[in-house]
Each structure stands twice: as C-alpha cells, then as structure tokens.
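Following this message is one structure expressed as structure tokens.
All of the numbers you see were taken from the coordinates with simple rules; none came from a lab. Everything quoted here is computed from the prediction, not taken from an experiment. Every residue, glycine among them, receives a Cβ derived from its backbone with ideal geometry; neighbour counts consider all protein chains shown.
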Amino acid sequence: MEKERILSPVDIIVSQSDLDGFIIYANPIFYKIAGYNYGELIGENHNIIRHNDMPRIIFKLLWDALKQKKEVSCLVKNRCKEGGFYWVFAYIRPSINQDGTVRNYISTRRAASKKAKSIIEPLYKQLLETEKEYGMELANEQFKQFIDINRYGEQSDNEVIYNIQY
Ligand SMILES: Cc1cc2nc3c(=O)[nH]c(=O)nc-3n(C[C@H](O)[C@H](O)[C@H](O)COP(=O)(O)O)c2cc1C
C-alpha cells in the first residue's frame with residue numbers, strides 16, 4: 001500500500017516553470033513533501049512528480065488553459081520520490097510580460113481537502129478507465145459532465161473546482 005503524505009493546512013507549495021513545464025523555482029516545502037533534496041528539482045519537468053493515478057485529460061486541460069494565457073485550478077495526486085503520494089489543490093497561472101508574451105508559469109498548491117479527495121478520487125479512477133478503454137475524448141466529455149453537474153449558476157470551471165475543495 002502506498003502511503004499518503006498530508007500537507008499541513010498552513011503549508012503552501014510554490015513552483016515556477018518555463019513554458020514547457022520545466023521547474024525553475026521550487027520552495028522548500030515542495031522539496032520536503034516530494035522527498036527531494038534542496039535544489040534537486042531545478043531543471044526537472046513537473047512530470048517528475050506525476051502519479052500514475054492521474055488521468056491524462058486533467059493535464060491536457062491544464063495546458064490548454066495555460067496556452068490561452070488563462071489561470072487554472074485543479075486537484076492533483078502527486079508522487080513522492082521514495083514512493084507514496086500527496087494530494088493538492090493547485091492554482092496555476094501564467095506570468096505575463098509587458099508586451100503580452102508569457103514569461104513563465106507559477107503554481108501554488110495547498111492540501112486538498114478531505115471532501116475534495118472523496119469526490120475526485122472516484123472520478124479520476126473512472127476517467128483513467130475511460131482513457132484506457134475509449135481514449136481521451138470520451139474522458140474529456142465525462143469530465144465536462146462532472147463539472148456541469150457541480151456548477152451553480154454562472155460559475156466558471158475553476159470556481160466549480162474551488163467549491164469542490166471548500
Ligand atoms: C507550473 C506548472 C505546475 C505543474 N505542476 C504539476 C504537478 O504538481 N504535478 C504534475 O503531475 N504535473 C504538473 N504539471 C504538469 C506537467 O508539466 C505535465 O504536463 C504532467 O505531469 C503530465 O506529464 P506527461 O505529459 O509527461 O504525462 C505542472 C505544469 C506547470 C506548467
């Protein structure tokens with residue numbers, strides 16, 4: 001059984017990446033929870049902490065939003081270097097230069113709530129199965145349906161995820 005590591009409610013994981021997701025800055029809490037030595041993550045792609053339980057569609061939607069210079073909130077299960085995992089509620093946004101081009105991306109993450117994990121874990125299991133059996137397009141439809149079912153009024157997708165977290 002993989003061991004879950006729980007972030008303290010006051011901890012915030014921060015990282016900054018280049019336009020391809022390669023890490024250019026990570027704060028000490030990031031190293032600590034992911035089980036790396038200080039400095040070890042610089043130059044690595046963020047997928048170094050990718051957990052196999054994560055559906056591909058979640059990262060596709062993340063990158064689609066960032067490429068459109070939009071911010072994105074998502075719930076992510078990450079893996080630790082020596083095994084184990086931790087869940088986060090992530091908010092990722094592009095940092096924009098004065099000329100409108102994207103300088104880099106910044107992610108801030110806090111512990112995913114128990115409520116969020118109880119809702120998202122079965123959903124991701126289902127999405128992963130759909131991806132394996134039928135491909136990512138159907139998983140995309142399933143995720144959209146999930147968002148729509150949980151949407152109140154005019155909420156954006158990010159607001160729906162926020163409401164699942166809190
Ligand atoms: C700022 C930023 C933060 C990211 N944080 C994570 C993360 O915490 N966990 C993760 O698995 N992927 C994260 N990603 C996405 C990864 O770059 C990558 O797309 C994802 O892990 C899927 O990897 P793969 O396409 O090699 O399968 C982040 C990307 C950016 C730009």
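Do we find a residue being exposed (fewer than 13 other Cβ atoms within 10 Å of the Cβ), out of contact with any helix residue (DSSP H, G or I) (no Cβ under 9 Å at 6 or more places or on another chain), of a type outside the set (A, V, I, L, M, F, W, C) and farther than 29 Å from L138 by Cα anywhere in region 54-70?
Scanning region 54-70, I find no residue that is exposed (fewer than 13 other Cβ atoms within 10 Å of the Cβ), out of contact with any helix residue (DSSP H, G or I) (no Cβ under 9 Å at 6 or more places or on another chain), of a type outside the set (A, V, I, L, M, F, W, C) and farther than 29 Å from L138 by Cα, so the answer is no.
So E82 ticks every box in (1) away from the ligand (no atom under 13 Å from the Cβ); (2) among the charged types (D, E, K, R); (3) within 29 Å of Q155 (Cβ to Cβ) but one. Which box is left unticked?
If we test E82 against (1) away from the ligand (no atom under 13 Å from the Cβ); (2) among the charged types (D, E, K, R); (3) within 29 Å of Q155 (Cβ to Cβ), just (3) comes out false.
Would you point out which residue out of L19, L7 is within 14 Å of Y86 (Cα to Cα) and in a loop (DSSP other than H, G, I, E, B)?
Numbers: L19 fails: within 14 Å of Y86 (Cα to Cα).
Answer to the check: L7.
Evaluate the following for Y162: is it surrounded by fewer than 16 Cβ atoms within 10 Å (Cβ to Cβ), more than 11 Å from the ligand (Cβ to nearest atom), over 16 Å from R5 (Cα atoms) and not acidic (D, E)? Lay out the reasoning, then the answer.
Details: surrounded by fewer than 16 Cβ atoms within 10 Å (Cβ to Cβ): yes; more than 11 Å from the ligand (Cβ to nearest atom): yes; over 16 Å from R5 (Cα atoms): yes; not acidic (D, E): yes.
Answer is yes for this residue.
Would you mind finding the one in R79, R109 that is under 21 Å from E4 (Cα atoms) and buried (at least 21 other Cβ atoms within 10 Å of the Cβ)? Full working, then the answer.
Working: R79 fails: buried (at least 21 other Cβ atoms within 10 Å of the Cβ).
Only one candidate qualifies: R109.
Sticking with this structure for a sec: Given the condition part of a helix (DSSP H, G or I), free of Cβ contacts under 8 Å to residues at least 40 places away in the same chain, farther than 24 Å from S8 by Cα and more than 15 Å from the ligand (Cβ to nearest atom), answer yes or no: does some residue in region 103-122 qualify?
no
From (1) in a helix (DSSP H, G or I); (2) over 20 Å from S113 (Cβ atoms); (3) more than 8 Å from the ligand (Cβ to nearest atom), pick out the condition that doesn't hold for F59.
(3)
Restricting attention to region 2-47, which residues are among the β-branched types (V, I, T), more than 18 Å from A112 (Cβ to Cβ) and surrounded by fewer than 17 Cβ atoms within 10 Å (Cβ to Cβ)?
Across region 2-47, the qualifying residues are I24, I42.
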